[in-house]
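Please read the structure below before turning to the comments.
The values are calculated or read from the model by the stated rules, or taken from the named source; none is laboratory data. Worth saying up front: this structure is predicted, and the values here are computed from it rather than measured. Glycine gets a Cβ as well: all are built from the backbone with ideal geometry, and neighbour counts include every protein chain shown. Areas reflect the complete protein model, heavy atoms only, side chains present, ligands, DNA and RNA absent. Shrake-Rupley method; radii C 1.70, N 1.55, O 1.52, S 1.80 Å.
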Amino acid sequence: MKIGFIGAGKMAEAIMAGLIEKAFARADGIVASDISEERLAELSRRLGIRITLDNAEVVRQVQVVFLAVKPQQLDQVLREIAPHLTADHLVVSIAAGKTTTHIESLLPAGRVVRVMPNIACLVGEGMNVFTRGVRAPVKDTELVKTLLNCCGRALELPEAQFDAVTALSGSGPAFFAYLLDRLVDGAVREGLSRQDALVLAEQTMQGTARMLQVTGMEPAALASAVTSAKGTTAAGRDILETETMAAVLDRTIGAAAQRSRELGRA
Ligand SMILES: NC(=O)c1ccc[n+]([C@@H]2O[C@H](COP(=O)([O-])OP(=O)(O)OC[C@H]3O[C@@H](n4cnc5c(N)ncnc54)[C@H](OP(=O)(O)O)[C@@H]3O)[C@@H](O)[C@H]2O)c1
C-alpha cells in the first residue's frame, strides 16, 4: 500500500519513521510533499522516501493520504487537493482542532479519519487517538489503528473528546518535560550534576508511568503507597500538593483544550 504525507514536518517524520521501522511500509512506498525543498531533501536522505513539491501529486500516487500541515494551513491544502480525491482515498488528518465534519465539508470525495498523535511517535512510544468521519467505514479505522500501532499506542475515542485529548496527550509531552525540568533544577541546587539529575528524573518518570500501567493503580494510590508519615516524600508533597498547584495544572489542560476549540473554528 502506498502512503502519502502532505506537510513533511516533525510529526510526519515521526510517523513515517515508525511505518518504515516496523516494516508496515517500504520507504519507496511513501511519498511526501512540503513547501520546503530543503526539508524534503533532508527527509529523502534520512528515510529514503520519495518526495515532491506538488501536493496534488501525492494524492494521485497513493491511497492513504496523511494531512500533516499546521491547522492554520489545512483549509488551503484541502481546497488544493479536493479536485484530485476520489472515494478510493482515505484521508488521515492529524491537524489539531480541525473536525472531520469540517474536513469533509471541503472534500467532495474521500473517507476521513482524524488522529491526534503525539511527538513520542519519534521513539515508537506515541499516544495516538483516532476517530472516523461519517464516510469512513470501520475497516478504515482498523487500518489506521494498525498503522498508528507502528508508532506507539492507538486508541479510538469519540470526536467530542478530541479537545481534551489534544490537551492531555497531544500537548502533554511539553507539560511533562516542563515538570521534569523544574525537578531537575531542584536536584542540581541540592548538589547533583545536570547530567546525572536528568538520568535519575527520566528513569523515575518512565518507571512511574510503567508501574501505573502494569499494576493498574490510581496515581493517588501510588503516591500514598510511597509516602510514609514524616518521611522525605511527605515533606516534598506538603509543598507540591497545594490548591494553587492543582489549580495551575487544571488551568493548563483547560487552556490547551480551549486553544484546540479555537483552532477548530479558525
Ligand atoms: N508536533 C506535535 O507535537 C504535534 C502533536 C499533535 C498534533 N500535531 C499536529 O500535527 C500537524 C503537524 O505538526 P508539526 O509539529 O509536524 O508541524 P511542522 O513541523 O510545522 O510541519 C508542517 C510542515 O508542513 C509544511 N507546509 C506548510 N504549508 C504547506 C503547504 N501548503 N503544503 C505542504 N506543506 C506545507 C511546513 O512548512 P513551513 O514550516 O515552511 O511552513 C512544515 O514543514 C499540526 O496540524 C499539529 O496540530 C503536532
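Accessible area per residue for the chain in Å², computed with a 1.4 Å probe and the full protein assembly in place, what is it? Walk me through the intermediate numbers first.
Numbers: 14540 Å² over 266 residues.
Ligands and nucleic acids excluded, the result is 55 Å² per residue.
Surface composition of segment 3-162: carbon plus sulfur atoms hold 54% of the accessible area, using a 1.4 angstrom probe and ignoring ligands, DNA and RNA. What shape does segment 102-155 have by the C-alpha gyration tensor, where a ≥ b ≥ c are the square roots of the eigenvalues, rounded means a/c under 1.5, and otherwise prolate means a/b greater than b/c and oblate the rest? Prolate shape, in that a/c is at least 1.5 and a/b is the bigger ratio. Per-residue 3J(HN,Hα) values for segment 6-22, derived from phi via the Karplus relation 6.51 cos²θ - 1.76 cosθ + 1.60 with θ = phi - 60°, read 9, x, 10, x, 4, 6, 4, 4, 4, 5, 4, 4, x, 4, 6, 4, 8 Hz in sequence order (x marks Gly and Pro).
Averaging Cα coordinates gives a centre for segment 195-248 and one for segment 82-161; these two points are 34 Å apart.
Please give the charge dipole size of the chain, origin at the Cα centre, charges +1 on K and R Cβ atoms and -1 on D and E Cβ atoms. Round to the nearest 20 debye. Each step should come with its number before you reach the end.
On the way: 29 positive and 30 negative charges, 80 e Å.
So the dipole magnitude of the chain works out to roughly 380 debye.
Converting phi to 3J(HN,Hα) with the Karplus coefficients 6.51, -1.76 and 1.60 and the offset θ = phi - 60°, segment 153-160 yields 9, 9, 9, 8, 9, x, 4, 4 Hz in sequence order, with x at every glycine or proline. Close amide-amide hydrogen proximity is noted between GLY126 and CYS121, GLY152, ARG153, each under 5 Å apart and 5 or more residues distant or on a separate chain (H modeled in the peptide plane; Pro and chain starts excluded).
Taking the 1.4 Å solvent-accessible surface of segment 170-265 as the whole, the part contributed by carbon and sulfur is 60%.
Would you mind counting up the charge near LEU200? Only other residues with Cβ under 12 Å from its Cβ, with Lys and Arg at +1 and Asp and Glu at -1.
Numbers: positive: ARG194; negative: GLU190, ASP196, GLU202.
Once positives and negatives cancel, what remains is -2.
Of all lysines in the structure, those lying under 19 Å Cα to Cα from LYS139, and not within fewer than 8 positions of it along the same chain, are LYS2. Couplings 3J(HN,Hα) of segment 205-222, computed from phi: 5, 5, x, 5, 4, 5, 5, 4, 5, 6, 8, x, 5, 6, x, 5, 5, 5 Hz, in residue order, whole Hz [Karplus 6.51 cos²θ - 1.76 cosθ + 1.60, θ = phi - 60°; x for Gly and Pro].
Estimated from helices alone, the mean residue ellipticity of the chain at 222 nm is -16500 deg cm²/dmol (sum of -39500 (n - 2.57) over DSSP H runs with n ≥ 4, per residue).
Summarising the strand pairing of the chain, around 15 percent of its internal DSSP beta bridges are antiparallel. Dividing the mean sequence gap of close Cα pairs (under 8 Å, 6+ apart) by how many residues segment 3-162 holds gives a relative contact order of 21 percent. Cys residues of the chain that find no other Cys beta carbon under 4.7 Å: CYS150.
Remark: accessible surface ordering of ASP185, ASP28 (largest first) is ASP28, ASP185, probe radius 1.4 Å. Across segment 145-266, the mean sequence separation of Cα contacts (distance under 8 Å, 6 or more residues apart), normalised by length, yields a relative contact order of 37 percent.
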